[in-house]
Structures are given as structure tokens and as C-alpha cells.
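Asker: This structure is in C-alpha cells; I'll ask about it shortly.
The values are calculated or read from the model by the stated rules, or taken from the named source; none is laboratory data. All of these numbers come straight from a predicted model, not from anything done at the bench. Cβ coordinates were reconstructed from backbone atoms using ideal geometry, including for glycine residues, and neighbour counts include every protein chain displayed. With ligands, DNA and RNA removed, areas are computed over all heavy atoms of the protein, side chains included. Shrake-Rupley method; radii C 1.70, N 1.55, O 1.52, S 1.80 Å.
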Amino acid sequence: MSGAHSPEAQASMLNAMPQPLLGVQDKSPTLNSPSPGTVRRPSADNVEPEDGPLFRATLNNLESKTATFKLSVKRLLKAAMASYEAQRASIAADDEFLKAIRGTTAADPLVTHYLDAVAGIVQAQRKMQNEKMQTMLLEPLRQLYETDIKPAESKKKQFEDESKDYYAFLHKYLGMRTDSAKAKKTAENEQKYNAKRKNFDLVRFDYHTYMQDLHGGRKEQEVLYHLTNHFEKQYDFFQTVAAAVGKYKPGLEKVHEEMLEATKEIYQLKKDRSERRKTLECRPINVTEMQAEDGNRASSLSPVFQGSAGDRGNTGSAERTPSPSAKPTVLPPLSTSPVHLALIVDTKDFPVPNQPQQPATPVTPQQPNSQRFQGFRDLQEQDHQLISRMGHRKEGFLFATSKPSKGTPNAPFDVGSLVWHKYWCVVAGGYLHEYSNWKKQLETHGEPINLRFATVREARNADRRFLFEVITPQFRRLYQATSNEDMQSWIGTICNAIESVLGEKTTQRPDETDDYPTKPLRPKAKTISKGLRLVMSGGTNREVAHLSEALDATQLAPKANGGGVKKSVPTKNPTPQPPSLLSSEQLLESLRSDVSNCYCADCGLKDPEWVSLNLGVLICIECSGIHRSLGTHISKVRSLTLDTTSFLPDLVEMIQQLGNARSNQIWEATLTSTSVPPKPQPSEGREAKQKFIQAKYVDRLFIIAQDNPSQSLFEAIRNQNIPQAMQAIASGAKLNEPINHSSPPTPSRAASNGSPPPYSTAPRAETYFPSGGGADDQASLSTSSTQPASPLYPISLALLTDQKKPFPMAELLYLNGADPMITDGERTVYDIIVEQARDKDVIAFLDERNARKGIHVVPQ
Ligand SMILES: [Zn+2]
């Protein structure tokens, strides 16, 4: 009775327990679950209890847990298998992925700088890790499940069978009558019972320990062991991979950085492209631009003609690299510029005998650049510039008939009856080549024309537009260009080519070679009238040749203009013209006619293609980036080649009057070879340039500051001296404060110091000293000085001093921050100007600038 675990005691304990029994049993210390997060220690075996309610209840409890345990391990195994398979598949897929990456040229930098080193390591480690999962997690778990957990059912059944068998025997055994039985039989039964009991006890013991193993922590711990092992291996895997990959991070970063840079460039390119597209959209009618584009596209198909006569007839050249210089030179129209119209001196012996009254080529009414050239001298300079700009090489499309005409030079063409084809024409090496079938492979069309014996001129007496003819001793060949500009460009280029094959510029007077067409060695001069020769006697032969092309148009000019050179002829087009824009080539050429503009203002790099609008300097692309970084209040940067919409005549004029040399006289006035920071060389790094540009324009280290910059600005405006105005602005002149009235503006051109701007002085002077204008013209700005007290701001002074387009001074002030919309309390500067301006161009100037800022002033 003393044993604490005697069956009786246990039974009484159980009896004393309230139902439900199992709930209580569950709380027994041996079976209690540890709190989550700590490892369950294997408990000491329960002392093997007697079979009885407690034992059976314990077993029941364990058996019910077996089902749950079995299910969870089964699920674990299944999930781990799935994960294993998925990893395997992922590794295989990544192998394919990497293979594909290596097959993609775009990914080359990534492969070179990163994947080549890293991918092999990572994939090998992943495969190893995957195999470990198989051998160190899946296999042991499967074994545990198959050999330990799954047999629980059969073991239970075995125990229950044994139990039934034993108790049945016990029942029989106890039912035996002791008195009647023989002693021997009794002993046998005794022995049998003992054996049965012993067997049952063993089975019971085995089953009990099995169940305890299953749940008492041992098997659970085994699961935990394998899982922990697995994750340890996984951790090692991560560590190994991280260490291996980490080494190659710089490679990845390098690629990334380069890509960012490239992305920026792509963004910039896109922006430029959309701006260019906008330009094309907005441009009213500009066949030339379209043609230039067309020429560019087509030139990728075109062969390179290196300009040597050896190229002639070379048909196999289509495989060569595309010509970089294929873009046709774009020219402003010349034939109807006012000067040409006014330039008729004498056409008596002009060699157009047949139908002099008939316009040979319709004069195109839209002449966007007609107001740019305002004097004869301008024209000469301009023509000279334009011609020399054209060079003697050009390629592009021209329309022509299949065969040249054998007719005499001045016979009228019957062009209507001929079939016209499109040819890719190339002027190179003193020859004019024609190619047909240009879309597939270029085939020469006929013999190239040797320009040495040729002359070129605008066609006469033809009823198609934009025709010019190339005349050789044997034949005349008519070509049709796509626009007047294009035609002029072809004529100019061919003229130049002729001149270049003739060897040297001739100073021969045209009349000395008046033997055309039999001896066409100086062919260009043949079409010049004697009258014109007189006018042109100071010009070079080249100019003469070029001007001859314009003479057809001059015949149409109204005689009412007289023989004199007049500054401005009213355009035929009554509606106001959109501001004329130059093509990027024209822009570059016209700005680079100032040699200092051929080198970056800040570092000296050759051929800068960017400009700071407000500073009026040409800079290289690297310096332009630095300028941009300073902010638009310091420098407003534009590309001369990509963004031609910004370059209105006012701005071009302003930049021309400033330019790099004059600007640097201001911004680098005190700069010496020992200055700090020093002026960088083109080859120096960005940092040196950054330092210098910052010092130059932001800190203004090298300027000679003026004592009274605002007063100086006022004088500069009055004298229309742009560099002086820039000097005042650099010295801190206030652009949005009224000018002291003590010295009212008197439009005195004589007071102008420095060299006057070449193209604007003469016409402007007429604004103030009109030669033959009406009373309206006489009313000069001086009236405003007699009026009491409208405050005068720099920009209003600029616009009221300078009432004729273009307005370079107003542009300078505007770009440097002068705001026409500031107010003196009652009225805006804009209102003041509107009130006093005598020319609608002044208002148009302000409206255009306002419109850029989205301001639209409603007239009162
Ligand atoms: Zn530069």
C-alpha cells in the first residue's frame, strides 16, 4: 500500500478526478509543452505505470497527439519537397536566364563588370545548397516519417490486440475453480498466466516508450534538429554568396553609374529632339528644312565623295560609309531681297533676249529673311559670306529629265513635255554626278558633268519652279530643286566648285571673257549685264557670279524704287511675317564670322556649339553644362545646333555685338596668367573649368567694376552700345529700377563710342535723322523727354531709343532680368512703352517675350 503509484492509488486518484479526465491529464508535467521558443528537453521516462485508467488515459492522450504530429510532419515533408523542387527549377531557369543575358549585346557591360565574376559562384552555391537540402533535410525527415511516425497505427493495434488477448486470458484464468482442479493443471495455468502477463507487460512497455519517444520530445527534437541543420546550411550559403558577390559590387555600381549618365543623355536627346520637332511643326513653310532632313536621311544611303576627281564614275562606292557632310547648306533666299529689287541699273544688254517680260521663275512671296539685309554693303558682305559658306561639295535630290537638252543656251525650254525623274546628285571633285535607283543601290546616270567647262545659272523661260541649268559646250541640263533656297544653294555650290577647279580666284573683269559659250573658261561672268558690272566693280568675281543668279528677279522689280539703294522695301506680303529664324548652320556661320567665337569663351575649345544667351558668349558643351549648373539667373544656355527657335534676330544681333572677345574684355578684364583660379585649357578637367567659370561669372573676380553701373547702363543704352551695357550689368546695374531723370535721353548717335555694329548703324541712324520721311517720322524720342515724368526704366529706354527691329539692347536687358511687367505703382513698364512707342515692332517684341512666360497683355 505504500507505493505512490500502486494501481489502487492511481485508480482512486482517477476516480476522484472530475471529468473530463483528459484535459487534466494534458497538464501533467511530462507532457506539458514548453513555452514557445525554447527547446523541449527530453523528459525522464515516466515510471512505467501499471495498466489502468491513468495509463490508458495517458496513452489516449498521446495517441490523439500522434495524429496531429503525423499530419504536421507529413505536411512539412511535402512542403519541403515542393520548395526543394522549386529551387531546383529556379536554378535551372536562372542558368537559362544567364545564358540569354550573355547572348544579349546590350547587357555586355553588366556581364563584363559583374555577371562574369558573380554568376558562376552564385549558381554553384545554390546548387550545393539545394543538394544539401535533399540529403540533410528531406531524407531524414522522410525516414522519420516512414519508420517512426507512420507505424504508430499498427503499433497501437498490436498493443490493443495483445491487451485484449491478455485480459481475456486473465478472465479465463481467474474463473478457474481451485478446489476441483488438479494441482498439475493449476501449476500449468499459473505458468501460462505468468508468461502471458510478462509478454503483455513487455508489449505494453514497448508501446508506452514508443509513444513517449514520439511525443516526449525525442522525435520532435529530431525534426527540430534537421530543420535547424537545414537553416544553418542556408545561412552559410547566404554568407558565402554575400562574400563572393560583395567583392564585385563596384563593378555593378560602375555599370549603374554609366547607365545613369547615359539615361541623362538620352533624356537630353529626347528633349532636343522634341524641341526640334516643335520647330519643324511651328515653322510656317520651310521646304529647305524638310529638304535638309530628307537629305540627311538619304545621305545614309549615299556614298562618300571625297571630292577628288578620281571618284568620277565610281559605281561601287555604295558600300562606303555614309558621308558626314551630306547635309545641304541652307541659304536665305536672295533673288527677291530688297536690294536686289532695287538694284536695277541697266538691263539693256542682259542676255535674255526672248521674253524679258516673262518671269522665268516665279518670285516666291514668302521671304522670311528679307528684313535682315538692310543695305547694299550688308548684301555684299552677306553674299560673300553665304557663297563661301557653301563650299564646293553638295549632295541631294534634284529632279531632271532623263537626257540633257542639246539646244542653244538661250532657247526657251519646253519643259512641260518632258518626263522628270528624281536623281541623287553630287557635286564633288569638280564634277556633277547623277545617280538613279537611289533607294536600292546607286547607279550612275550618264557621264558626270565636268564643271571645268560648265556654267550654272537660274533657268530662264521655263515654266517649272526652282529650275537652274548647267551649261556645257555640248549641252544644257536643267535641274529642278525643291525650293528657292535649295536652288540657290546648288547654284552657289556649283559656282564654288567651278571656281575651285579653275584654280584661283580671278580678278578678271567679266567683259574680258565675254566669249561664252564657245570658250566657257570663265562661264559665270557671262550672264552679268554691263550695268551690273559697274555696280559690282568692287566685288570679286565670285560675288558677281552669284549675283547674276538674282538678276532674273531684279527684272521684276518696280522701277518706282529708283536706282538708288534703299534701305527697306515694303514686303509684298501685307500680313506681318513671323520672326525669321536661321538654320543652325547659318546661325553658327554667322556667329563664327567673329573669329573669337570659334573658341569656347571659357576654356578655348575649338568650335563651340552652345551659347549663353544672356552673356552672349559661345561655349563648348562641357562649359555649357557648368553654366547650366550655375542656374538660369547666371547663364541661360542654349544649343546653337539643336535649338534654333530661340535665336530671333534680336538675339542674334545681340550676340554678334557681344561675342567672345568683347565679352571676355569685360569678364576677364583683370585676368592674368597668374590669376587664381587660372583660366583652364580645353583639355583640363571639369573641376578646373567649374572653378574658373564660377569665379568669372558668379563671383565676378576678373571684372573692373564701375562706380555707378546704373548710370553707365543708361549711357550705354542711349548710345546703343551693347558691350558697355554688358559691362554695366556685370558691375551690378539695376535693371528694374527707374533711371535718374536728371539726364533725359537724347538720341545722339554721335555719342556712340566704340565700334558701331556693322549692320545696324546706318539704318538706325535714319530713325532719328530721317532723310525723307513724313512728319510722323520726325517725332523722335525727344518728345518723351518733354513730357513730365513717366519713370524711365532701362528696357523702356532701350525700346524707345531703338524703335526699329531688331532690338539687341532690349534683348540683352530682358535676358539679364529686366522685367517689362514691373509696375511703378500705377502702370507697368509695358504700359509706359505702349504709350510712347512709335512702332508696332516694339510692342511685338514685348508681346513675344511675355508670351514665352505665358503672359498675355490685353490692350486697353
Ligand atoms: Zn569650354
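Asker: What number in nm² do you get for segment 583-735 if you take the convex hull of its Cα atoms and divide its surface by four?
Answerer: Working: hull surface 34.4 nm².
Its average projected convex-hull area is 8.6 nm².
Asker: Okay, moving on. What order, most packed first, do the peptides 116-127, 450-461 have when packing is the mean number of other Cβ atoms within 10 Å of each residue? Numbers along the way, then the final one.
Answerer: On the way: 116-127: 16.1, 450-461: 22.6.
Ranking the peptides 116-127, 450-461 by packing returns 450-461, 116-127.
Asker: Could you list which residues have their amide H under 5 Å from that of Tyr431, counting only those 5 or more apart in sequence or on another chain, with H placed in the peptide plane?
Answerer: Under 5 Å from the amide H of Tyr431: Leu451.
Asker: Treat segment 118-163 as a sphere of radius equal to its Kirkwood radius over Cα pairs and apply Stokes-Einstein at 37 °C in a medium of 0.692 mPa s; give the translational diffusion coefficient in µm²/s, rounded to a whole number.
Answerer: D, rounded to a whole number, is 247 µm²/s.
Asker: Counting only heavy atoms of the protein chains, get the accessible area per residue of segment 594-698 (1.4 Å probe) and round it to a whole Å² value.
Answerer: Accessible area per residue: 38 Å².
Asker: Keeping the other protein chains in place, figure out the carbon and sulfur percent of the accessible area of segment 594-698, with a 1.4 Å probe.
Answerer: Carbon and sulfur together cover 55 percent of it.
Asker: Computed over the Cα atoms of segment 136-284, what is the ratio Rg over Rh, Rh following Kirkwood?
Answerer: So for segment 136-284, dividing Rg by the Kirkwood Rh gives 1.67.
Asker: Can you give the extra length, in nm with one decimal, that the chain gains between Glu848 and Met128 once fully stretched, where that is 0.36 nm per residue apart less the Cα-Cα distance?
Answerer: 252.0 nm
Asker: Could you calculate the contour length gain from Asn194 to Ala669, that is, 0.36 nm times the residue separation minus the distance between their Cα atoms, to one decimal place in nm? Don't jump to the answer; show the numbers that get you there.
Answerer: Working: separation 475, 0.36 × 475 = 171.00 nm, distance 12.51 nm.
Length difference between fully extended and current span is 158.5 nm.
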